[in-house]
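Quick notes on the structure that follows.
Please treat every number below as a calculation from the coordinates, not as lab data. Since this is a predicted model, take the numbers as computed values, not measurements. Every residue, glycine among them, receives a Cβ derived from its backbone with ideal geometry; neighbour counts consider all protein chains shown.
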Amino acid sequence: MYALVFCVAVQGIALITCSLVAHNMKSSTAFTKMLSRRHIPAGIEEEPVFRHIKLHAPEGWDHSCFCTDLTEKAWGDQCRYSWRIRLRGQPDAPKQTPMLSGWRPHVILLVDDGQDMLTACGCPYRDDSLYLVKPDGEIVPAQDRDDVASSLSTPSGTFFRGDYGNLWHQADDTYFLGGTMPCWTFVIESLKEFIDSMDLCPMAVATVSGGIVQSFTTDRALLFSTLEGLRPQAADSALSESLLGLLTAFPDGCSTTNHVIVATDGIAVGDGDIPSWLQDYDHDGDPDDRAIAGEGSHCLDDVAAYARSQGVSIHVMGPDTPFLTGTADKGGGILMPEAGAFDPPASLVTLPHCVYGDARRPLTNIDMHLSPPWVDWEDTRYYKCMVNDLPHLSDVSTLEIKGTALSAFVENGTLLCTTSRENLMSIDTATGACPWMAEGVGGKVIGRGGLIIAGPDIRGDIVVLGDGPQIRWLCPGDLFTASEGSLYSADGAVITAHTLVDGFFEAAYTADSAVCALEYDPCRGVVLAASQTGRITLLGQDLAWLDLLFPNLQGEIRGIRSFHSRHELHVIALAERRAACLRAGDVLWSRSLEAGTITNAVVMDSKLYLSAWEPGECGGIDTGESSLVVLDALTGDTISRAALFGSKAYGPVIDPDAGIIEHISWDMSIHRTDISDLPGLSPCDLGTRIIF
């Protein structure tokens, strides 16, 4: 009986619950219908019809970043109108090289350029790698191309695969090290791979015969071109002498650790002219620890031991011989070092994050390569750029992501991102899935008209990609901007317009000097080009000259923003620490920014929002003070200034729906600024039109 009563009670509760749920669903449906039919005149039964019209940015708003969404709500003979601000694209920051003060090893690449480096190194060529025999006989690693099955002769030399080279391009085994690859080829290939793995790390290049040939830089293209310009032609290989001379070549103060990588076969020729107290510094009793007339010496390990005592670590790239292994060990380094040996930072951010609804998508770099935890690589397809006569992307089985985040662009829920080592990837911001990644396409990235534009890459090319992805066409250039139908590129002082879809030439214009900033204004349909002489030229879409502006800023113009006020075009010009506002024939204001270096800018509601950073003594992104400075865009007067981080701030990232702008620091801290009171972020009523 009790069980029966219990079942009846449960059934009753269930019926009551279902009744309440049904009632609530009917109520919510009715309420939703009431909201959707709000302001509908009595007697009108049909549902309203909505139409959205995309217009240009309203007065006082940045032309490149914003547009207007005009909403028409029609029913019967009446139409109600409202407008609100929509985001066209996040503000694009001027290119800046990130550096860390807490991790800044300085590395000198000391290359043995003696003639003995053309002999065998003890290693074979890599079977599937590509190499080039230059007309002078030098063999160097080559960029990827898929038109070489085994060997291919071209005007620049003969390309060959590694397995082919092991049979037909064997180096002389003069020093009985074995192998087929010349030591010169081996160390150049190894040094390039090392440079690719070490982002944010200043490096210099030196030769045994000539000392420093490239001062400290983080520019990968410059380091590569320096290595490619070296030749193994010196008669001597004074290894210990050259290493000793480099121990004082490191900068003072800002270097966290100092390293020298000696790229050599270990065969010293004409070496050993060092102080007598240093000739057996490691106390190994080697009788060859001295200068021997007509021969070399074994003093390299002694200088390495001395360098270690002076706080400089010595690493070696070369054959795995007891002497070179011992040299690296005595120098506190290792043979064939990799990035992990330099203790890179575990995690850091070098770009603003992305916003997807309430979620934040930081572009996290882990161990010096882009690796956001929220990205899913499981079904990713990989492509590699082949530098054939007609460059194209080719399928490969897998790729390792190299480099830190460099540029990002979000459109229709798709994030396009490049790295500092020329990886381009497409990511779904909702799910984190990465459908594809391509290696060999780098630089700034944007999307226009369903196409992807990226560049310049290490070869100086700007690449346009279509679906697939596939390379549609490319052109040389230092900078670019784009409309929906044209690509505008600047190569030195020459600005060129091409059709975006197929790359057909449209027009060209030559500025008075090299172009340092280039922007397309989608509202006015003009191209704004700043040259190194400090002038801003306004050009039509056909690159016809329209006007010339003179901002009179000290230093190179690094950024351009445009907006209109009272139907007149206004241009904001940004230098490193100074900003100016101009209109045709007039400079409205010009002022320096006490808050530091300008890192980004955007105009909203006739206010100029400037992200500024005063770096620490060594300029690391993990030091200094960053601020958000708001100026009146028409007068230059300061409206407000707010502190952001005790480090550099990346952003702003604008979220119009939430009414906030955000900045992120290198350690992924986020600072939010409320802008919800700006007109247009919420729908603004424009009234009702009655159709008679």
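A few notes on this one:
- Nearest-ten-degree value, helix 300-309 long axis tilted from longest Cα axis of the chain: 50
- As a rough footprinting exposure proxy, the listed residues Ser197, Ser240, Ser626, Ser676 were ranked by other beta carbons within 10 Å of their own, and the order from fewest upward is Ser676, Ser197, Ser626, Ser240.
- Theoretical FRET efficiency, 1/(1+(r/R0)^6), r = Cβ-Cβ of Tyr2 and Ser669, R0 56 Å, to 0.05: 0.35
- Shown in residue order for region 369-383 are the 3J(HN,Hα) couplings computed by the Karplus curve 6.51 cos²θ - 1.76 cosθ + 1.60 at θ = phi - 60°: 9, 5, 7, x, x, 7, 8, 9, 9, 4, 10, 6, 9, 10, 10 Hz (x for Gly and Pro).
- Fully extending the segment from Glu338 to Thr688, taken as 0.36 nm per residue of separation minus the present Cα-Cα distance, adds 119.2 nm.
- Pairwise Cα separations in region 471-574 fall into 10 Å bins from 0 onward with the following percentages, short to long: 16, 51, 28, 6, 0.
- Whole-Å semi-axes of the ellipsoid equivalent to region 138-296 (Cα gyration tensor, √5λ, descending): 32, 23, 13
- Neighbour-count order for Leu628, Leu424, fewest beta carbons within 10 angstrom listed first: Leu628, Leu424
- The H on the amide N of Gln214, modeled in the peptide plane, is under 5 Å from the matching H of Val205, each at least 5 residues off or on a different chain.
- Each of His52 and Asp288 was given a label point 7 Å from its Cα along the Cα-to-Cβ line. The distance between the two points is 7.5 nm.
- Couplings 3J(HN,Hα) of region 284-292, computed from phi: 8, x, 5, x, 8, 7, 6, 6, 10 Hz, in residue order, whole Hz [Karplus 6.51 cos²θ - 1.76 cosθ + 1.60, θ = phi - 60°; x for Gly and Pro].
- Gain upon complete extension [Asn388, Asp128; 0.36 nm per residue less C-alpha separation]: 91.9 nm
- Near the amide H of Leu130, within less than 5 Å, lie the amide hydrogens of Ala142, all on another chain or at least 5 residues away, with H placed in the peptide plane.
- Taking amide H as placed 1.01 Å from N in the peptide plane, Thr599 has its amide H under 5 Å from the amide H of Ser611, Ala612, Trp613, each at least 5 places away in sequence or on another chain.
- Reciprocal mean inverse distance between Cα atoms of region 50-209 - Kirkwood radius, Å: 21.2
- Cα-based shape type of region 591-636, given that a ≥ b ≥ c are square roots of the gyration tensor eigenvalues and the cut on a/c is 1.5: prolate
- Within the same chain, lysines fewer than 8 places from Lys54 are excluded, and of the rest, those with a Cα less than 27 Å from its Cα are Lys33, Lys73, Lys444, Lys607.
- Region 126-168, relative contact order [Cα under 8 Å, separation at least 6], %: 44
- In region 158-240, the chymotrypsin sites (Phe, Trp or Tyr not before Pro) that fall in loop regions by DSSP, at most 14 other Cβ within 10 Å: Phe176
- Tensor-based shape of the chain (alpha-carbon gyration tensor, a/c under 1.5 rounded, otherwise prolate or oblate): prolate
- For Thr327, Thr638, the sequence from fewest to most other C-beta atoms within 10 Å is Thr638, Thr327.
- Using C-alpha pairs below 8 Å separated by at least 6 residues, the relative contact order for the chain is 11 percent.
- Separation of the Asp586 and Ala508 label points, Cα + 7 Å toward Cβ, nm: 3.8
- Relative contact order %, region 379-504, counting alpha carbon pairs below 8 Å whose residues are six or more apart: 16
- Using the Karplus relation 6.51 cos²θ - 1.76 cosθ + 1.60 with θ = phi - 60°, the per-residue 3J(HN,Hα) values for region 608-623 come to 9, 9, 10, 8, 10, 9, 9, x, x, 4, 9, x, x, 5, 8, 10 Hz, with x marking Gly and Pro.
- Computed over region 126-168, the range of Cα coordinates on each principal axis works out to 23, 19, 14 Å, biggest value leading.
- Where chymotrypsin sites (Phe, Trp or Tyr not before Pro) fall in DSSP loop in region 296-398, at most 16 other Cβ within 10 Å: Trp374, Trp377
- The chain - mean residue ellipticity at 222 nm from DSSP helices (-39,500 (n - 2.57) per run, n ≥ 4, rounded to 500): -4500 deg cm²/dmol
- Inter-label distance, Asp146 to Ala430: 3.1 nm, where each label sits 7 Å from its Cα along the C-beta direction.
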